[in-house]
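The values are calculated or read from the model by the stated rules, or taken from the named source; none is laboratory data. Remember, it's a predicted structure, so these values are computed and weren't measured experimentally. Cβ: placed from backbone, ideal geometry, glycine included. Neighbour counts: every protein chain shown. Note: areas computed on protein heavy atoms with side chains; ligands, DNA, RNA excluded. Shrake-Rupley method; radii C 1.70, N 1.55, O 1.52, S 1.80 Å.
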Amino acid sequence: MLTRKQFELLMFIHERLKEDGVPPSFDEMKDALDLRSKSGIHRLITALEERGFIRRLPNRARALEVVRLPDSVAPGLASPTRAGAPSKGFTPSVIQGDLGKPRPTAAAGGAEDAMAEVVSIPVMGRIAAGTPISAIQTYTHAIPVPFDLIGGGEHFALEVRGDSMIDAGILDGDTVLIKRSESADSGDIVVALVDEEEATLKRLRKRGASIALEAANPAYETRIFGPDRVKVQGRLVGLIRRY
């Protein structure tokens, strides 16, 4: 399974090959993914090559070939970029239709007078509640969630791996419900993306100009970063646990 950045780069290369017949330059890839240096692109390309999604052709400049796309990409999903659309901050359409947005669906039983507000929430892979892992991955499946549990807005779900948030009632194997947001208040439990490469579920604390990612388990240390190194991806609004 690919990380979010690996997926974005793969789809960007794929769409440029469809449009122009030649892959983008490293500078174009860096700008499209909003990365600071080309070294990050080198790492992403190596990871894609190791996983069998692309192939570098020898003795040719800028020679990349897309061998295959992820299974989660439906045919025709990777449509060419519209003319005049900006390339910076490239974000492919990973989630199709109304996934993650409130919509009414019939409750089990099918009776017309037994309608319930249910939201189809996309599960976007796993999140570390422990040592950070690769950034949020691609859409795998969807789960139905009562609207009252999350309220309005766009949401996604992640499967928790690790025990760093056990004192906050979040256990290994739980599914957390996240409301998409690029901001959070001090004390919120958030999905934080560190250095554009690793994602973790932690409590956010603002300490002057710094950001602290705080575990809810004394076995784990609080990690402190400059504000430019941490991006909030969403805030915890609910949790699902199977027994």
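Structural remarks
- Entries in 30/231; 179/231; 38/179; 30/179; 179/202 that, when Cα-Cα distance is taken, lie over 23 Å: 38/179; 30/179
- Packing, taken as the mean count of other beta carbons within 10 Å per residue, orders the peptides 165-173, 216-224 from highest to lowest as 165-173, 216-224.
- Each residue of segment 188-238 gets 76 Å³ once the volume of the Cα convex hull is shared out per residue.
- Partner aspartates and glutamates for residue 18 [C-alpha distance under 18 Å; skip if fewer than 8 residues away on the same chain]: 8, 28, 65
- Accessible area per residue for segment 163-219 is 43 Å², calculated with a 1.4 Å probe on protein heavy atoms, without ligands, DNA or RNA.
- Apportionment of accessible area to carbon and sulfur, segment 116-243, percent (1.4 Å): 47 percent
- Accessible area of residue 42 in the full protein assembly, 1.4 Å probe (Å², nearest 10): 90 Å²
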